[in-house]
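> Take a look at the following structure, please.
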Amino acid sequence: MSKQALAALVLAAASSSCTLVELDSREHPSGFEISGVVDGHVAFGFNDERTPLRLELFDGRSSGALAELVVWKLFRLEIGLAGLDIGIGPLDAGLGVLFYEPSLPSYPSAAPQPPASSPESRNDTTPKP
């Protein structure tokens with residue numbers, strides 16, 4: 001086995017052993033998130049941004065962000081030293097390495113509502129037999 005093949009095998013094993021992939025949409029928007037040597041996410045859902053325009057320099061929502069531009073729920077761009085996070089409408093995707101860890105924007109909570117026929121949804125105080 002050549003030295004180059006051995007180095008590639010060691011690099012592939014080292015990078016894959018430090019990566020965690022999470023697929024969960026119960027408490028988060030639909031999508032997936034990766035943590036490890038490479039951090040990233042892809043999510044689908046409108047964020048909870050309330051300001052029409054926001055620009056931050058040398059700061060941002062994520063750890064290690066250098067700048068962030070947000071145009072309400074329509075567009076979001078965050079730049080890190082070694083990565084990028086972009087959101088267009090309901091789609092948000094970010095990828096970063098080293099010191100930039102893109103984080104998901106905040107989303108409205110999707111707490112399940114009780115059905116209209118359930119006793120918790122009615123406000124009547126009449127005693128039940």
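> Hey, can you tell me all the residues within segment 1-60 that are of a type in the set (V, I, T), surrounded by 10 or more Cβ atoms within 10 Å (Cβ to Cβ) and modelled with pLDDT of 65 or more?
Within segment 1-60, the first condition is being of a type in the set (V, I, T), and the residues that meet it are 10, 19, 21, 34, 37-38, 42, 51.
Then drop every residue that is not surrounded by 10 or more Cβ atoms within 10 Å (Cβ to Cβ), which leaves 10, 19, 21, 34, 37-38, 42.
Residues satisfying the conditions are V10, I34, V37, V38, V42.
> Tell me which residues, restricted to segment 63-73, are surrounded by 15 or more Cβ atoms within 10 Å (Cβ to Cβ), under 20 Å from G40 (Cβ atoms) and either without any contact (Cβ under 8 Å) to a residue 12 or more places away in the chain or out of contact with any Gly (no Cβ under 7 Å at 6 or more places or on another chain) (or both).
Within segment 63-73, L69, V70 meet the criteria.
> Would you call S109 loosely packed, with under 10 Cβ neighbours inside 10 Å, at pLDDT below 85 and within 16 Å of the chain's Cα centre (by Cα)? Quick ask: steps written out before the conclusion?
Working: loosely packed, with under 10 Cβ neighbours inside 10 Å: yes; at pLDDT below 85: yes; within 16 Å of the chain's Cα centre (by Cα): yes.
Taking the combined requirement at face value, the residue satisfies it.
> Which of the residues belonging to segment 40-76 are touching a Pro at 6+ places or on another chain (Cβ under 6 Å) and either aromatic (F, W, Y) or over 14 Å from A93 (Cα atoms) (or both)?
F44, F46, D48, W72
> Where in segment 29-93 are there strands (runs of 3 or more DSSP E), lying wholly inside it, with at least 2 residues that are under 12 Å from the mean Cα position of the chain (by Cα)?
Counting at least 2 such residues, we get 30-35, 38-44, 83-88.
The values are calculated or read from the model by the stated rules, or taken from the named source; none is laboratory data. In this text, all values refer to a predicted model and were calculated from it rather than measured experimentally. Cβ coordinates were reconstructed from backbone atoms using ideal geometry, including for glycine residues, and neighbour counts include every protein chain displayed.
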